[in-house]
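The values are calculated or read from the model by the stated rules, or taken from the named source; none is laboratory data. All values reported here derive from a predicted model rather than from experimental measurement. Quick reminder, even Gly has a Cβ in these numbers, built from the backbone with ideal geometry, and neighbours come from all protein chains shown. Ligands, DNA and RNA are excluded from the accessible area calculation, which covers all protein heavy atoms including side chains. Shrake-Rupley method; radii C 1.70, N 1.55, O 1.52, S 1.80 Å.
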Amino acid sequence: MSYEKVAQAKSNVVIGTKQTMKAIKHGQVQEVIVADDADQHVTAKVLRLAEEFGTPFARVDSMNKLGKACGIDVGAAVVAIKQ
């Protein structure tokens, strides 16, 4: 499951929409993880960019669980695992 992937790569993770989009554009992203309960308006931009750049992405069900997997106390809508 993607939560474990994020937790294992904690030191090599980019958290947030803007930072993830910047990392995708620079070719630094191995995989994008998107929370299904996040605002679709926010996540759609990242998913479009990931598809455009051929970056694989996965979906998880909870922003809160994704945030915890990253080691933060708030939810995370989008996380990128860097190469």
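A few comments on the model shown:
- Scanning region 22-37 for residues that are open to solvent by 50 Å² or more (accessible area, probe 1.4 Å) and assigned to a helix (DSSP H, G or I) turns up 22, 25.
- Selected residue (criterion: least open to solvent (accessible area, probe 1.4 Å)) from residues of region 38-61 that are out of contact with any strand residue (DSSP E or B) (no Cβ under 6 Å at 6 or more places or on another chain) and not in a helix (DSSP H, G or I): 38
- Count of region 66-83 residues which are assigned to a helix (DSSP H, G or I) and buried (at least 18 other Cβ atoms within 10 Å of the Cβ): 4
- Pick from region 34-73, criterion among the β-branched types (Val, Ile, Thr) and over 20 Å from residue 12 (Cβ atoms), ranking: farthest from the chain's Cα centre (by Cα): 42
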